[in-house]
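Report on one structure; see the data block that follows.
Rule-based calculations on the coordinates, nothing more; no lab input. In this text, all values refer to a predicted model and were calculated from it rather than measured experimentally. No Cβ is skipped: glycine too gets one built from the backbone with ideal geometry, and neighbour counts run over all protein chains shown.
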Amino acid sequence: MQVAQSVVLHGGFSKHLIHDLHGLCREVIVVGAEPQTLVPGLFSTGLLDSQPPEQALILNLGGVTMAISGCAHPGMEQIVEWGRLLLGRPISWAIGGFHLMDADDAEIARSVQALQALGVTDVLPTHCTGDAAIVAFEQAYGEHCVSGGVGRRLEL
């Protein structure tokens, strides 16, 4: 069995899972409530106030800024705003689940407009974004809406 190099997870996970991961990985990084630098240019937002709890990644690499969510339970707009505050500059990419699968058209439109107002120029919505919201992002962002999913590689 190959051992994972490093795993980053937030402190909202089960203590048993975290304990078990220590035996399976070279390094286990448990993120607390505060934002944390993981390596230069890669940050965790820290444990976000949502149900279920989660963290997001903020990247600032080679002049490209990104917010990468799991399911964005607190809202992708909030994650992008936290990233902007953390980096002191706009976030250009929003990537991941946008948690809009049960949203109505008005809520989806509000989310699209909010991300545009925050300066997001490119999106890659995945799984829990929902089909209707993905179509709305495709219409709003055109070629700057990239389809995503498992195995998707993004060259920047």
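Below, the figures for the structure above:
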| item | result |
| --- | --- |
| Choice from Ser50, Ser69, Ser92 showing the highest fluctuation, given a GNM over the chain with Cα pairs closer than 10 Å | Ser50 |
| Choice from Gly62, Gly83, Gly142 showing the highest fluctuation, given a GNM over the chain with Cα pairs closer than 10 Å | Gly62 |
| Environment charge at Ser92 (Cβ cut-off 11 Å; Lys +1, Arg +1, Asp -1, Glu -1) | +1 |
| Magnitude of the charge dipole, segment 33-144, Cβ model with Lys/Arg +1 and Asp/Glu -1, debye to 20 | 460 |
| Ranking of His144, His16 by count of other Cβ atoms within 10 Å, fewest first | His16, His144 |
| Sum of side-chain charges, Pro53 neighbourhood, beta-carbon under 15 Å (Lys, Arg +1; Asp, Glu -1) | -2 |
| Kirkwood-type radius of segment 78-136, with distances r between different C-alpha atoms, in Å | 11.6 |
| Net charge of neighbours whose Cβ lies under 10 Å from the Cβ of Gly119, counting Lys and Arg as +1 and Asp and Glu as -1 | +2 |
| In order through segment 100-116: 3J(HN,Hα) via Karplus (6.51 cos²θ - 1.76 cosθ + 1.60), integer Hz, x for Gly, Pro | 10, 4, 10, 7, 8, 4, 5, 5, 5, 4, 4, 5, 4, 5, 5, 5, 5 |
| For Leu38, distant residues with modelled amide H under 5 Å away | Phe43, Ser44 |
| Tilt relative to the chain, helix 131-141 - C-alpha long axis, 0 to 90 degrees, to 10 | 70 |
| Residues whose placed amide H lies under 5 Å from that of Thr65, excluding near-sequence neighbours | Ser92, Trp93 |
| Fewest-first ranking of Arg89, Arg84, using other Cβ atoms within 10 Å as the exposure measure | Arg89, Arg84 |
| Sequence-distant residues sharing a close amide H with Ile29 (under 5 Å, placed H) | Val7, Val8, Leu9 |
| Residue-wise HN-Hα coupling along segment 57-65, computed from phi with Karplus coefficients 6.51, -1.76, 1.60 (Hz; x: Gly, Pro) | 9, 10, 10, 9, 10, x, x, 9, 10 |
| Residue-averaged [θ]222 nm for the chain, counting only DSSP H segments that reach four residues, each worth -39500 (n - 2.57) | -8500 deg cm²/dmol |
| R0 of 25 Å, Cβ-Cβ distance Leu42-Val150: FRET efficiency to nearest 0.05 | 0.75 |
